[in-house]
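K.L.:
Let me begin by handing over the structure; questions about it come next.
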Amino acid sequence: MTTVSLGLPGVREQTPQVASRRRSRRLMVGSVPVGGDAPVSVQSMTTTPTADVNATLQQIAQLTAAGCQIVRVAVPSQDDADALPQIARKSQIPVIADIHFQPKYVFAAIDAGCAAVRVNPGNIKKFDDKVGEIARAARDAGVPIRIGVNAGSLDKRLLAKYGRPTAEALVESALWECSLFEEHDFRDIKISVKHHDPVVMIQAYRMLAERCDYPLHLGVTEAGPAFQGTIKSAVAFGALLAEGIGDTIRVSLSAPPVEEVKVGIAILEALGLRERGLEIVSCPACGRAQVDVYKLAEEVTAGLQGFPVPLRVAVMGCVVNGPGEAREADLGVASGNGKGQIFVKGQVIKTVPESQIVETLIEEAMRIAEERGIDPEAIASGDGPQVVVAGGRT
């Protein structure tokens, strides 16, 4: 039998990236590099009232544990602005202040020690008149500015010109506001041009990527509930990141923000832009399956939730694609006739009854973790693994 040795995590060949990254300026959001050759970072936004410092810090801690690298907090009131110094100081990841309507909160966020400030020029009163002051304050503090243009709050002048928030309108708005900062020799800028329609959003970012070298923050705004929003974001981000466009991402879901982080990380892993963690490769089941593949995959997924070692586990249900997929994984099973062949690094190590498949796979995974110097007893529940459908009906 020919074996394919993929090696343990750290030895496995790295997943090739789909495209070269677009060359952009590089800036620092606190300790996180953005743009240039820096990895694509995952962001989210708190849903708590920012003025509730304890609740906001607790949610930031949850996001940090889920893998979030940069967090944004809303600052719609003076009470929220007053809470920023404590939040910025105690957060374990860089905090971006999200400012709308009142330019005075931009200065409050900079003074509070926020790592960056997001402004939406379309809804900030007399924004153009305040650009010089904002540029000076941000430059003196070393704080980058994200110019965040949204379809739902586009500058009225551009709505009048284009009639609706087209891709061209979003790009013109962003570049116009950048030019105002450039007049004051401020270029520590990141841009987003978000739209609820993935097609318009993709068009806008492609235009923007051709017309400037600023780092770009990707987002499908108001993407919707978890399922719909995940699909929209995956489609839009996948198209752009596959072309090398995008330096940070935020998946916007009508769901707890931790779910946004999980989806964002999974998208980057699927594109080879982040090292894959635990990946379950399982077949969709068909008439050839001789075991309950759905149940097996769910039980293995649950049993390995929070697994701390990068690992590809194949859970296959027939003799057509099963042995090949199981052999290519770090750990796998090819099932049939009430039993399963267990593969480790391309070799069959044992055959077990169907009732012992899940138990055996988990035991072998724990053994791999021990070989990597991780105490299996310390493995706690965390982010769920990525589930990949493989071995179709052909």
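The values are calculated or read from the model by the stated rules, or taken from the named source; none is laboratory data. Predicted model, so just to flag it, every value in this text is computed and none were measured. Reconstructed Cβ throughout: ideal geometry from the backbone, glycine too, with neighbour counts over all protein chains shown. To get the accessible areas, we keep the full protein, side chains included, count just its heavy atoms, and leave off ligands, DNA and RNA. Shrake-Rupley method; radii C 1.70, N 1.55, O 1.52, S 1.80 Å.
K.L.:
Quick one: what are the phi-derived ³J(HN,Hα) couplings along segment 173-179, Karplus 6.51/-1.76/1.60 with θ = phi - 60°, whole Hz, x for glycine and proline?
P.N.:
Result, ordered by residue: 4, 4, 6, 5, 5, 4, 5 Hz.
K.L.:
With both bridge residues required to lie in the chain, what share of the DSSP beta bridges run antiparallel, to the nearest 5%? Kindly include the intermediate steps, with their values, before the conclusion.
P.N.:
Numbers: 16 of 56 bridges.
Counting DSSP beta bridges with both partners in the chain, the antiparallel share is about 30 percent.
K.L.:
Counting heavy atoms of the protein chains only and a 1.4 Å probe, report the per residue accessible area for segment 278-375 as a whole number of Å².
P.N.:
On the way: 4090 Å² over 98 residues.
Per-residue value: 42 Å².
K.L.:
Hey, any idea what % of the chain's accessible area is carbon plus sulfur with a 1.4 Å probe? The partial results should precede the final answer.
P.N.:
Numbers: 8530 of 17080 Å².
Roughly 50 percent of what the probe reaches on the chain is carbon or sulfur.
K.L.:
When you take every Cα atom in the chain, what is the radius of gyration, and what is Dmax, the widest Cα pair distance, in Å?
P.N.:
Both quantities, over Cα of the chain: 23.8, 75 Å.
K.L.:
With both partners inside segment 278-375, how many of the DSSP beta bridges are antiparallel, as a percent to the nearest 5? Mind dumping the intermediate values first?
P.N.:
Details: 12 of 21 bridges.
For segment 278-375, the DSSP antiparallel bridge percentage is about 55.
K.L.:
By per-residue mean of other Cβ atoms within 10 Å, what is the highest-first order of 127-136, 79-88?
P.N.:
Descending mean neighbour count gives 79-88, 127-136.
K.L.:
Ranking request for peptides 318-325, 141-148: highest mean number of other beta-carbon atoms within 10 Å first, then the rest in descending order.
P.N.:
Details: 318-325: 19.8, 141-148: 22.0.
Ranking, from highest mean packing down: 141-148, 318-325.
K.L.:
Hey, rough spin-label estimate for A55 and K125, points 7 angstrom out along Cα→Cβ, what's it come to in nanometres?
P.N.:
2.7
K.L.:
Could you do me a favour and compute the accessible area per residue for segment 26-271, 1.4 Å probe, result in Å²? Walk me through the numbers on the way to the answer.
P.N.:
Working: 9470 Å² over 246 residues.
Value returned for segment 26-271: 38 Å² of accessible area per residue.
K.L.:
Quickly rank 190-198, 364-372 as a protection proxy: mean count of other C-beta atoms within 10 Å, highest first.
P.N.:
Numbers: 190-198: 23.9, 364-372: 16.9.
Sorting 190-198, 364-372 by mean packing, highest first, produces 190-198, 364-372.
K.L.:
I'd like the distance separating the alpha-carbon centroids of segment 49-120 and segment 181-249, in whole Å.
P.N.:
22
K.L.:
Need one number: nm distance between label points at S20 and V199, each 7 Å from Cα along Cα→Cβ, rounded to one decimal.
P.N.:
Reported label-point gap for S20 and V199 is 3.2 nm.
K.L.:
Once the other residues with Cβ under 15 Å from the Cβ of R89 are scored (Lys, Arg +1; Asp, Glu -1), what is the net sum?
P.N.:
Working: positive: K90; negative: D82, D111.
Cβ neighbours under 15 Å give a net charge of -1.
K.L.:
Next question, about the same structure. Separation between the A226 and D37 pseudo-spin-labels, each 7 Å from Cα along Cα→Cβ, expressed in nm?
P.N.:
3.9
K.L.:
Right, something else. Identify all aspartates and glutamates with a Cα-Cα distance to K339 below 12 Å; exclude those on the same chain that are fewer than 8 residues away in sequence.
P.N.:
D292, E354
K.L.:
Take the residue pairs K295/K345; K161/K232; K90/K190; K126/K156; K130/K190; K190/K262 and return only those whose Cα atoms are more than 21 Å apart. Write out the running numbers ahead of the final one.
P.N.:
Values: K295/K345 24 Å; K161/K232 28 Å; K90/K190 24 Å; K126/K156 13 Å; K130/K190 18 Å; K190/K262 23 Å.
Among K295/K345; K161/K232; K90/K190; K126/K156; K130/K190; K190/K262, the Cα-Cα distance tops 21 Å for K295/K345; K161/K232; K90/K190; K190/K262.
K.L.:
Let me ask something else. Could you give the alpha-carbon Rg of segment 278-375 over 2.2 N^0.38 Å, rounded to two decimals?
P.N.:
Details: Rg = 12.2 Å, N = 98, 2.2 N^0.38 = 12.6 Å.
Relative to the 2.2 N^0.38 Å estimate, segment 278-375 comes out at 0.97.
K.L.:
What does the extension gain come out to for V348 and S179, with contour length at 0.36 nm per residue minus their alpha carbon separation? Don't skip to the answer; put the middle values down first.
P.N.:
Values: separation 169, 0.36 × 169 = 60.84 nm, distance 6.26 nm.
Here the segment from V348 to S179 would lengthen by 54.6 nm.
K.L.:
Given the -39500 (n - 2.57) contribution per DSSP H run of 4+ residues, what per-residue ellipticity at 222 nm results for the chain, rounded to the nearest 500 deg cm²/dmol? Don't jump to the answer; show the numbers that get you there.
P.N.:
Numbers: 12 runs with 151 residues, N = 394.
Computed mean residue ellipticity for the chain: -12000 deg cm²/dmol.
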